[in-house]
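The values are calculated or read from the model by the stated rules, or taken from the named source; none is laboratory data. These numbers were taken from a predicted model, which means no experiment stands behind them. Counting neighbours? That spans all protein chains shown, and the Cβs are built from the backbone with ideal geometry, glycine included. With ligands, DNA and RNA removed, areas are computed over all heavy atoms of the protein, side chains included. Shrake-Rupley method; radii C 1.70, N 1.55, O 1.52, S 1.80 Å.
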Amino acid sequence: VPVEAEKNIVPFQKDNDNQILKDAMENGERKETAIKYGADEKYETEMKAEDKVKAALMAPVHPDKPLIDPNAPGEMGKPVIIDVNKLSPEERKKYDEGMMKNAFNQYASDMISLHRSLPDIRDPECKQIEYLKDLPDTSVIIIFHNEAWSVLLRTVHSVLDRSPTQLLKEIILVDDFSDFDHLKQPLDEYVARLPKVSLVRLKERSGLIRARIAGFDVSTGEVAIFLDSHCEATEGWLEPLLDRIGRNYTNVVVPVIDVISDENFQIQYSAAKHVQAGGFEWNLIFNWHYVPENERKRRNYLDYTPFRTPTMAGGLFAISRKFFEKLGKYDPGFDIWGGENLELSFKTWMCGGTLETVPCSHVGHIFRKRSPYKWRGGVNVVKRNTVRLAEVWLDEFKEYYYDRISHNLGDYGDVSDRKALRDNLQCKSFRWYLNNVYPELFIPSDSMASGEIRNKAKPMCADGNVEANQLNKPLISYPCHNDGGNQYWLLSTENEIRRDSGCWDYVGGSAEIKLFGCHGQRGNQEWIYRDDETIYHPGSRRCVELSWDGKNIMMKECSNHVLQKWLWKRVSAK
Ligand code: UD2
Ligand code: MN
């Protein structure tokens, strides 16, 4: 525990405990204030020194009241920097376990107040906007599976502390069958003392999709807002969301999702002009892209105003009760994680709604590098969910996704009632969605060759990851696996060899081909798949060759050698 924090331990004042507790509750303050003054015997006697520090830092932050200590860890969204080499072996163990169990720095989080202050990072224009006088009220639904205590409760308190009372009807926590001890009785007791908060326990592991449905089903607010269990709502987050739905109940809205560092809990904010829209690629995985020119123009280049987005990331959004019900909520056949974000995005647009990002509403979220909890054994849940999604919503375009998984759909269960739902709602076609909502998306139908690119001399294939953060790496040779994935390539009519937004790119100099973002300007990204099965790069007049040992793909003088011949399925371009 840092020395600064230790100084803030408030002396234990046993004498007038109960009065202080009563006052605190009456003033609408929360349990931590009471604990801080030592009001609750049970908690107090069990409290270790470090917990006292924590408790001391937990007093509610209110604009009219000074912070306990603006220099306390993490205040104003500042990072908590810990030198692990200075920790005692025991503390070091706690630190490592926190990382392992959560895939974020729980140790750092535990040092930060549950009511920590955050900077007000809205664009200045946001404060001038006049919202509807009569905004709908909302239920905030927070689902969790094995969440860290301080992280979960900071999510809850950020909502309680930063939502106008009359607009926040309730917070519903849904425990998706966690087994962490602190989420059992201690959580029951904690929640019992918070205003407006209730806790729903699921009787079996249900996955985030069914957990959200369960929370929604017991909620009563006019609007439902869903949050992950590791978020921090910021000042003014709620009104701009409710305003859009108050104006039109078919508006589904997402806040700006600011990044809370998984390492040090710093909040990194995005100014409105940098906020991106949601999209996807034909692997049906969500991604981000710049707001297109048309949409910027439609809003007179006012970056702080709501903009239309083809998809949402999934975790944080607001929807009217009536519209979510009309859309059939989520497909309850989706398990654990994944795909539900696109399902709700597609059907919002296709069934008469509008999906928007509201740049004046900011909520932080801890993005992790791996998923810390157990998934379902023996089944690829993301694929299963995604096949259900494609079957119901993609029409003939589902084939582009199936190409990516080698048409190996697996058992995806029964989707007939989801198709019936779509028919009853008379939703528009996926072609309509692509043409009108997401015209920027590259559609593989125009391609001239597709599938794996297999060397004729050896069973080796061209392989490479084209996810945005994996680009700029060389194309490699890898045994052909016949599963699509990173070995699936398209030859576009612009003569690119590409998957999604990643293109083969050869700049000369070395023998390496790299994967770069497609620029559509031919040049280094122009390739010709010739009748003699060689892949020719006009820019350098070289050909793609497999090294004799099969380990590398290289650019060489064209020789017509069998190592320069590649089998690739041609398709007749329309
Ligand atoms: C993103 C979304 C997430 C969800 C997911 C796709 C954001 C910021 N996050 O992944 O909300 O849409 O994409 O499905 O947009 N959980 C359960 N039961 C489970 C698994 C997870 O309750 O079986 C909870 C979990 O504790 C968390 C939430 O579901 O509160 C989302 O899970 P995540 O944080 O692992 O997903 P994330 O943010 O990587
Ligand atoms: Mn999350």
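Starting from the coordinates of the alpha-carbon atoms of region 418-465, obtain the Kirkwood hydrodynamic radius over all distinct pairs and give the value in Å to one decimal.
Kirkwood hydrodynamic radius for region 418-465: 14.7 Å.
Going down the table (Lys203/Lys369; Lys273/Lys383; Lys196/Lys322; Lys297/Lys369; Lys326/Lys419; Lys347/Lys383), which pairs top 24 Å between alpha carbons? Spell out each step's value before the answer.
Working: Lys203/Lys369 29 Å; Lys273/Lys383 34 Å; Lys196/Lys322 22 Å; Lys297/Lys369 35 Å; Lys326/Lys419 14 Å; Lys347/Lys383 19 Å.
Table pairs above 24 Å Cα-Cα are Lys203/Lys369; Lys273/Lys383; Lys297/Lys369.
What is the set of long-range amide H partners of Leu567 at a cut-off below 5 Å, with H atoms built 1.01 Å from backbone N?
Arg454, Asn455, Lys456
Over the C-alpha atoms of region 305-406, what are the Rg and the largest Cα-to-Cα span, Dmax, in Å?
15.1, 45
I'd like the Karplus ³J(HN,Hα) series for region 99-116: coefficients 6.51, -1.76, 1.60, θ = phi - 60°, whole numbers in Hz, and an x wherever there's a Gly or Pro.
5, 5, 6, 10, 6, 8, 7, 4, 4, 5, 4, 5, 7, 9, 4, 5, 10, 4
Output the 0 to 90 degree angle, nearest 10, between the alpha-carbon long axis of helix 17-26 and the longest principal axis computed from the alpha carbons of the chain.
That helix lies at roughly 60 degrees to the long axis.
Could you state the number of Å between the C-alpha centres of region 167-203 and region 328-372?
Cα centroid to Cα centroid, the span is 23 Å.
Give me the extension gain from Asn465 to Val191: residue separation times 0.36 nm, minus the current Cα-Cα distance, reported in nm with one decimal.
Additional length available on full extension: 94.2 nm.
Full-extension gain between Asp134 and Asn294, please, as 0.36 nm times their residue separation minus the C-alpha to C-alpha distance.
Using 0.36 nm per residue and subtracting the Cα-Cα distance, I get 54.4 nm.
Rg to Rh ratio, region 141-213, alpha-carbon atoms and Kirkwood radius?
Rg/Rh for region 141-213 comes to 0.95.
Counting Lys +1, Arg +1, Asp -1, Glu -1, what net charge surrounds Tyr506 among other residues with beta carbon under 15 Å of its beta carbon?
Taking every other residue near Tyr506 into account, the sum is +1.
Whole number please: convex hull volume per residue of the Cα set in region 215-299, in Å³?
Working: hull volume 14.5 nm³, N = 85.
For region 215-299, the hull spanned by Cα atoms encloses 170 Å³ per residue.
Go through the chain and flag any cysteine with no other cysteine's C-beta closer than 4.7 Å, please.
Cys231
Report the local net charge at Leu135: Lys and Arg +1, Asp and Glu -1, summed over other residues whose C-beta lies under 14 Å from its C-beta.
Net charge in that neighbourhood comes out at -2.
Give me the mean projected area, in nm² to one decimal, of the convex hull enclosing the Cα positions of region 362-455.
Hull-based average projected area comes out at 10.6 nm².
How many angstrom lie between the C-alpha centres of region 488-544 and region 407-455?
Centre-to-centre (Cα) distance: 27 Å.
Taking the chain on its own, what percent of its Cα-Cα pair distances exceed 31 Å?
That fraction is 55 percent.
List the residues, sorted by chain then number, that are 5 or more residues from Cys503 or on another chain and whose placed amide H is less than 5 Å from its amide H.
Phe516, Gly517, Cys518
Can you list, bin by bin at 5 Å, the percent of alpha carbon pairs in region 517-572, starting at 0?
4, 19, 26, 23, 19, 8, 2
Please name which of Asn560, Asn251, Ile129 has its Cα lying farthest along the dipole of the chain towards the positive end, using unit charges on Cβ (Lys, Arg +1; Asp, Glu -1) and the Cα centre as origin.
Asn560
Averaged per residue, what accessible surface does region 416-574 expose to a 1.4 Å probe, in Å²?
That works out to 50 Å² per residue.
Want the number for His481 to Lys322: 0.36 nm per residue separation, take away the alpha-carbon distance, what's left? Walk me through the numbers on the way to the answer.
On the way: separation 159, 0.36 × 159 = 57.24 nm, distance 4.67 nm.
Roughly 52.6 nm would be gained on extension.
Name the long-range amide H neighbours of Val223: under 5 Å, sequence gap of 5 or more, or other chain; modelled H, no Pro or chain starts.
Placed amide hydrogens put Asp137, Thr138, Ser139, Arg321 under 5 Å from Val223.
Run through the DSSP bridge list for the chain and note the antiparallel percent, rounded to the nearest 5.
Rounded to the nearest five, the antiparallel share is 65 percent.
With all pairs of different alpha carbon atoms counted, what Kirkwood hydrodynamic radius in Å does region 125-258 show?
Here the Kirkwood hydrodynamic radius works out to 15.4 Å.
Please compute the volume of the convex hull spanned by the alpha-carbon atoms of region 437-551 and report it per residue in Å³.
Taking only Cα atoms, region 437-551 has a hull volume of 115 Å³ per residue.
Could you work out the local net charge near Met460, counting Lys and Arg as +1, Asp and Glu as -1, over the other residues with Cβ closer than 14 Å to its Cβ?
Residues near Met460 contribute +1 overall.
Using alpha carbons only, how many angstrom separate the centre of region 234-252 from the centre of region 271-299?
20
For region 166-214, what is the accessible area per residue in Å², given a 1.4 Å probe and the full set of protein chains?
In whole numbers, region 166-214 has 45 Å² accessible per residue.
Sorted by packing (mean other beta-carbon atoms within 10 Å per residue), highest first, where do 354-367, 303-316 land?
Those peptides, ordered most packed to least, come out 354-367, 303-316.
Return one number: the angle in degrees, 0 to 90 and rounded to the nearest 10, between the long axis of the Cα atoms of helix 207-218 and the longest principal axis of the Cα atoms of the chain.
50
So what J values fall out for region 437-454 if you push phi through Karplus, 6.51 cos²θ - 1.76 cosθ + 1.60 with θ = phi - 60°, rounded to Hz, Gly and Pro as x?
Values per residue, Gly and Pro as x: 9, 9, x, 6, 5, 6, 10, x, 4, 7, 7, 9, 8, 8, x, 6, 10, 9 Hz.
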